[in-house]
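**Q** Shown below is the structure under consideration.
Nothing in this text is a laboratory measurement; each read-out follows from the coordinates by a stated rule. Nothing here was measured: the structure is a model prediction, and the numbers come from that model. Neighbour counts are summed over all protein chains in view; Cβ atoms, including those assigned to glycine, are modelled from backbone coordinates with ideal geometry.
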Amino acid sequence: MTTWAITEVGPHDRQAVADASRLTDAVLGRGTFTVEQVLEDLRVGDLLFLTADVGKPPVLVGVATARVLDDDSYRDLIAPMPPGTLPAALPSASGRRIGRLHTSAVTATMRGRGLGSALAAHRTEWLRERCSEAYAISWPHNRQGRSESLLRALGWQPVTILHDYWLQATTTGDQSCPQCGRLCHCPGLLLRLPIPSSWGPTNGKTRQETSR
Ligand SMILES: CC(C)(COP(=O)(O)OP(=O)(O)OC[C@H]1O[C@@H](n2cnc3c(N)ncnc32)[C@H](O)[C@@H]1OP(=O)(O)O)[C@@H](O)C(=O)NCCC(=O)NCCS
């Protein structure tokens, strides 16, 4: 059995974020995030940034993120969706605490051993503690290793297929898709995490985690 260590990266660990950026570029395509933006978001405190290592010396094998969305990042989430898929009202105007399960990447040789599920479980709990609703866009690519079934196993529920979800980001933005290159025509599967009103941000729970 393979064991791994999962770490919550802190706002001062530039090296860990830079290493993670190389891994996500290789697995998910160029432009998934920028180091400066991640460090800034970690300082603000609305981003959970996880890395997973194996062995001694530690080798980075997984990167995963989740965030509580501000108005701009909620706009980014819904912009590629058909109107009406999710409410247009912004978090600041509606009082909603909206979360997003974001980047998920495990190196090819480590897949299928439960690490992706462990990273998703950690982030799902983090979102449940802070948000009144949360979303994920699963990438149903034609290669080995998808996130849909492990997210369903954690309680995430499919909502709809979003055609050409990453087209705009790969046309005018900095992103590229490992499958399509520029001009990504992959669909995205929108999933929603049911969060009972007795859970979520009002229960005052916080996690104690190690960070570096
Ligand atoms: C998606 C990814 C992060 C999963 O990491 P992983 O370490 O292989 O995940 P796990 O070992 O926990 O799960 C592996 C498989 O078992 C499935 N699985 C795990 N737990 C499960 C459960 N309880 N019930 C049903 N299926 C389960 C997973 O969905 C996955 O299935 P598939 O690859 O055959 O479709 C990894 O494969 C990856 O990096 N893929 C390429 C990039 C990518 O698609 N990222 C997600 C973007 S949305």
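**Q** Divide by every residue of the chain the summed helix terms, -39500 (n - 2.57) for each DSSP H run of at least 4, and state the resulting mean residue ellipticity at 222 nm, rounded to the nearest 500 deg cm²/dmol. Before the final figure, lay out each step's value.
**A** Numbers: 6 runs with 59 residues, N = 212.
Value at 222 nm, helices only: -8000 deg cm²/dmol.
**Q** Follow-up. Let me spell out the model: positive unit charges on the Cβ of Lys and Arg, negative unit charges on the Cβ of Asp and Glu, origin at the Cα centre of the stretch 62-203. What dipole size does that give, in debye rounded to 20?
**A** Working: 15 positive and 10 negative charges, 86 e Å.
So the dipole magnitude of the stretch 62-203 works out to roughly 420 debye.
**Q** If you don't mind, there's one more thing I want to ask. If the only charges are +1 at each Lys and Arg Cβ and -1 at each Asp and Glu Cβ, what is the size of the charge dipole of the stretch 123-176 around the Cα centre, to the nearest 20 debye?
**A** On the way: 6 positive and 6 negative charges, 40 e Å.
Its charge dipole is roughly 200 debye.
**Q** Determine Rg/Rh for the stretch 62-203; Rg is computed over alpha-carbon atoms and Rh is the Kirkwood hydrodynamic estimate from the same atoms. Working shown, then result.
**A** On the way: Rg = 15.1 Å, Rh = 15.8 Å.
Answer for the stretch 62-203: 0.96.
**Q** Using the Kirkwood radius built from alpha carbon pairs, what does the Stokes-Einstein equation give as D for the stretch 1-143 at 10 °C and 1.306 mPa s, in µm² per second? Don't skip to the answer; put the middle values down first.
**A** Working: Rh = 16.0 Å.
In µm²/s, the coefficient rounds to 99.
**Q** Shifting gears a bit: Placing +1 on the Cβ of each Lys and Arg and -1 on the Cβ of each Asp and Glu in the chain, which of Leu90, Trp156, Thr171 has its Cα farthest towards the positive end of the resulting dipole?
**A** The residue sitting farthest along the positive end of the dipole is Trp156.
**Q** How do Ser132, Ser198 rank when sorted from fewest to most other Cβ atoms within 10 Å of their own Cβ? All intermediate terms of the calculation are to be shown ahead of the outcome.
**A** Working: Ser132 19, Ser198 7.
Lowest count first: Ser198, Ser132.
**Q** Residue by residue, what Karplus-based ³J(HN,Hα) values in Hz, rounded to whole numbers, does the stretch 71-83 have, using 6.51, -1.76 and 1.60 with θ = phi - 60° and x for Gly and Pro?
**A** Taking θ as phi minus 60°, the curve returns 4, 5, 6, 5, 4, 4, 5, 8, 4, x, 8, x, x Hz for the stretch 71-83.
**Q** On to the next question. Tell me, which cysteines of the chain are without a disulfide-compatible partner by the Cβ under 4.7 Å rule?
**A** That list is Cys131, Cys186.
**Q** Right, something else. Return Ile161, Ile6 ranked ascending by Cβ neighbour count within 10 Å, so the fewest neighbours appear first.
**A** Ile161, Ile6
**Q** How far apart, in nanometres, would the label points at Arg152 and Glu125 be if each is projected 7 angstrom from Cα along the Cα-to-Cβ direction?
**A** Computed distance between label sites Arg152 and Glu125 equals 2.5 nm.
**Q** Also, I was wondering about something else. How far is the Cα center of the stretch 17-31 from the Cα center of the stretch 51-113, in Å?
**A** Result: 14 Å between the Cα centres.
**Q** Same structure, new question: At a 10 Å Cβ-Cβ cut-off, how would you order Arg97, Arg152, Arg67, fewest neighbours first?
**A** Numbers: Arg97 18, Arg152 13, Arg67 25.
Ordered by Cβ neighbours within 10 Å, fewest first: Arg152, Arg97, Arg67.
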